[in-house]
Structure formats: C-alpha cells, structure tokens
Amino acid sequence: MNHTIARIRRREPGSKYRKILSGETIYTLPDDLTPHVAYSPTHNLDEDCWFGIENFSQEAFCLGILQPVFVSAEYDTLLSRDEADKIDFIFSYQDENNLPVFYFQNITKSQLQYKRFIRLGDDYTFNDNSRNITINSIPDAIYIPSSDIMYFKRLSAVSGIFDGISELYREATQEETANFLENDFISLQDDFSADKVKQANRKRIAMAVDTIRRFDDAQRTAVFGCIRDYCPGLIAEDGAFNISNEQELKFLLYGIEQRFYTTPDGRERRIANSIIPINGDAN
C-alpha cells in the first residue's frame, strides 16, 4: 500500500515522522530517469535528465528511513493540525510494479499557506480557512532501493531533505581560496586577493583543487598549455597566469577543468557550459 508521510521539526524526543495519507498515489515515476548523470556542479541538466547518486544507502547523508526495510506501521501517528507549520518535507512510499519507490518533496512556506477556496464537484463547498499542501508534479528526489540510486534535479531542493548532501557542491573556504591563489602558476595583479573572490568562483576553486591534485606531470603540462593557447591575455612574463579580477580567474578555472574546445571544423573556439564524461561507446 502507498503511504505519504511528513517529517516535522521538533525538539522533544521521539519520532519526527507523521502519517498524512494511505492508499493514494501522489507521484508518477518519470520515464526519463535512465541513463542518469553523475552529479557535478559544472553540469547544467537538460530538461529530460536527472542527476543520480549510486550506492546512496552508503552515503553519510542517506536518511535512516531508507536503510532498513520500510515498515509503515512504525509511522502510524497522524499529523495534527498544530504540526502543519512544522513540516520540513514529505515523502511518499509507493509500489511501482511490485518494487518500492520513495518520492520526496521539500515543503516551503509558500506551499503551506492558509487559503480561501470553493471546492468544485458534486457538492460545492466554501472553506474560509483551509490549510493545504501543494504537491509538485515532479518530486524533488526519487530513491529506488532496488538499484540504490537517488535521483534529483536541483541540489538546493534536496539539501533540506538530506542533511550534508550540499557537500557535493561545497565552496572553498577563505583559507583554501587564499592557498589556491598563492600557487606558483598564478600572478595576482591590481591587489586582487581571496577577499574579492565571490561564491561562484569559490565553488570552482573547490573543484579545481581536487582536479589539480589528480594531474600527473604530463597532464598538468598539457592542461596549462591549453589555457595559454586559449587565453593568451592571461600569460605573464614568467609564464604564470595574470589574475586581476573575477573574470580572469573564472577563465583560468574553466581551463583547469578542460572546458575549452574548438568545433570540429576548426572555425570557432568555445567554452563548454556543461560536461558529461563519455567512456567507451557513447551508444
């Protein structure tokens, strides 16, 4: 049987989960879950694609309710009217062709507003003070235990559900940013410093640090050579890269992630907006 359950905010000991519905199908399993894309902050999803985290039950941010066998009887306490304002998220446990699937939706304040409405149907009724939960047509996250994959489209939407998942998109700290700018391949100009690096480039720096750490000497030489080829305006007299503003830093970070490319006809140089690694046969 299908069950819809809410997690509420509470400081007192005891379960934070409350039953809302049973026997109702709230969401429909999308047809476009596979093949999924491994999460990367450099990738902008196409409309018909999903990010997927494999072996999700092994992640530190996986919820405890997903790890053992789900027993609906453990969530029999009904959501009270007084607890409606405290809902963090809801999940729907549904049977999909004899396989269990969990659907998650983050609940914002705008989705829990009191509204006046007239219910249409065989019996028209007016309600002056109704409390409703708006159900999105597409859930924020989908977890399929049989494959142990969690699917999502926006990290910001699931960060309030899976505590710690935002580490997948972390920013470099002030110290990490300063250390990166002190690398011998960077020559800071015009008093540019870590204090002037904004959020977007801090996220790129966090990735770049990990990327450079994986380079061997040959790859490092090839990547930096490519940056010099595509961004000759960054080259300093000693061969380092002049960085005097956020834009120049962004181009350097794009180069480290190997996002520069030339069209096959050789007529246009471009920056890849998104990256999907292709291993072996793309088909």
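With +1 assigned to the C-beta of every Lys and Arg and -1 to the C-beta of every Asp and Glu, and no other charges, what is the dipole magnitude of the chain about the Cα centre in debye, to the nearest 20?
Rounded to the nearest 20 debye, it is 920 debye.
So how far, in whole Å, is the C-alpha centre of region 1-47 from the one of region 128-206?
19 Å
What does the C-alpha gyration tensor say about the overall shape of region 160-283? Classify as rounded when a/c is under 1.5, otherwise prolate if a/b is larger than b/c, or oblate.
The shape class here is oblate.
Identify, among Gln105, Gly233, Ser15, the residue whose Cα sits farthest towards the positive end of the charge dipole of the chain, taking +1 on the Cβ of Lys and Arg and -1 on the Cβ of Asp and Glu, with the dipole about the Cα centre.
Ser15
What distance in nm separates the two pseudo spin-label positions at Asn98 and Glu237, each 7 Å out from Cα along the beta-carbon direction?
7.7 nm
For each pair in Lys19/Lys109; Lys153/Lys198; Lys109/Lys198; Lys153/Lys203, compute the distance between the two Cα atoms and list the pairs where it is over 26 Å.
Over 26 Å apart, Cα to Cα: Lys109/Lys198.
Within 10 Å of each candidate Cβ there may be at most 10 other Cβ atoms; applying that plus a DSSP loop requirement, which GluC sites (Glu not before Pro) in region 248-277 survive?
Numbers: sites: Glu248, Glu257, Glu268; in loops: Glu257, Glu268.
Hits after loop and neighbour filter: Glu268.
Which shape class, rounded, prolate or oblate, goes with region 3-165 when its Cα gyration tensor gives a ≥ b ≥ c as root eigenvalues, a/c under 1.5 marks rounded, and past that a/b bigger than b/c marks prolate?
In terms of gyration-tensor shape, prolate.
Residues with amide H under 5 Å of Val37's amide H, sequence separation 5 or more or different chain, H placed in the peptide plane at 1.01 Å from N; which?
Trp50, Phe51, Gly52
About the Cα centre of region 1-100, how large is the charge dipole given +1 on each Lys and Arg Cβ and -1 on each Asp and Glu Cβ? Please answer in debye to the nearest 20.
Here region 1-100 has a charge dipole of around 720 debye.
Which of rounded, prolate, oblate describes the chain, given a ≥ b ≥ c as roots of the alpha-carbon gyration tensor eigenvalues and a/c under 1.5 marking rounded, otherwise prolate only if a/b is larger than b/c?
prolate
Find which of Pro139, Ala60, Phe126 sits farthest along the positive direction of the dipole of region 3-165, computed with +1 on the beta-carbon of Lys and Arg, -1 on that of Asp and Glu, about the Cα centre.
Of the options given, the answer is Phe126.
For the chain, with the dipole built from +1 on Lys and Arg beta-carbon atoms and -1 on Asp and Glu ones, taken about the Cα centre, which of Ile5, Phe192, Tyr254 lies farthest toward the positive end?
Ile5
Only the coordinates and a few stated rules stand behind these numbers; no lab work does. What you see is a predicted model, and the numbers here were worked out from it, not measured in a lab. Note that each Cβ is placed from the backbone with ideal geometry, even for glycine, and that neighbours are counted across all protein chains shown.
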